[in-house]
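The values are calculated or read from the model by the stated rules, or taken from the named source; none is laboratory data. What you see is a predicted model; the values in this text were computed from it and never measured. Reconstructed Cβ throughout: ideal geometry from the backbone, glycine too, with neighbour counts over all protein chains shown.
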Amino acid sequence: MKRLYILSILFILAVVSVNAQVSKVFEQYADSRSVTSVYISSTMLRMIPEVKAGDVELKGMTDKLNFIRVLTTESPSLAGKIYDELAAQIKKDNYDILISANDGGEKANIYMKTDSKGVNEYLIVARESRELSIVLINGTITPADVQKMKK
């Protein structure tokens, strides 16, 4: 019985640590010199009034968000290093690709992953030859919620 209990705890810790790997890339580079980093907490998101941008309405969406993280760099060498680490984590964490776009030298991918508690992570990665932008959106937003944003 002890063995089962210990194995269960180790499994839970392993799952928790795997889920946090992409966030670790953000944390690792957030204070780097050539990086712009933004973290928006759930508390701040709930303080934002109803948001509408063009045809997109975010009414009720902010309550479903845990956080948003943004990381950007214009340093070509750092962009390559961060991208390589992030790509490895995306593969390791089994993110599903939703959209992949390539326009000349600009590439953008949108990934999604759902954990066992129903929390979704949407990861947007936009890369040019000299620049990298990453957005991580974490919350209980479903693909159906995303479809409802557009009237």
- Message: Restricting to the stretch 114-142, count the residues that are under 24 Å from L45 (Cα atoms), without any contact (Cβ under 8 Å) to a residue 60 or more places away in the chain and crowded, with 17+ Cβ neighbours inside 10 Å.
- Response: 3
- Item | Selection count, the stretch 69-98, where residues are polar (S, T, N, Q) and assigned to a strand (DSSP E or B) | 2
- Message: Can you go through T73, T36, T43 and tell me which one is of a type in the set (V, I, T), modelled with pLDDT of 80 or more and over 30 Å from R130 (Cβ atoms)?
- Response: T43
- Note on the structure: Matching residues in the stretch 129-151 (at pLDDT below 90, not in a strand (DSSP E or B) and not basic (K, R)) number 10
- Query: under 17 Å from K24 (Cβ atoms), surrounded by 13 or more Cβ atoms within 10 Å (Cβ to Cβ) and touching a residue at least 12 places away in the same chain (Cβ under 8 Å) - does that describe any residue in the stretch 97-110?
  - Reply: no
- Query: Does any residue of the stretch 70-90 turn out to be among the charged types (D, E, K, R) and farther than 23 Å from A30 by Cβ?
  - Reply: no
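Pull up the stretch 110-128, narrow it to residues that are part of a strand (DSSP E or B) and of a type in the set (K, R), then point me to the one that is farthest from the chain's Cα centre (by Cα).
Filtering first and then ranking leaves R127.
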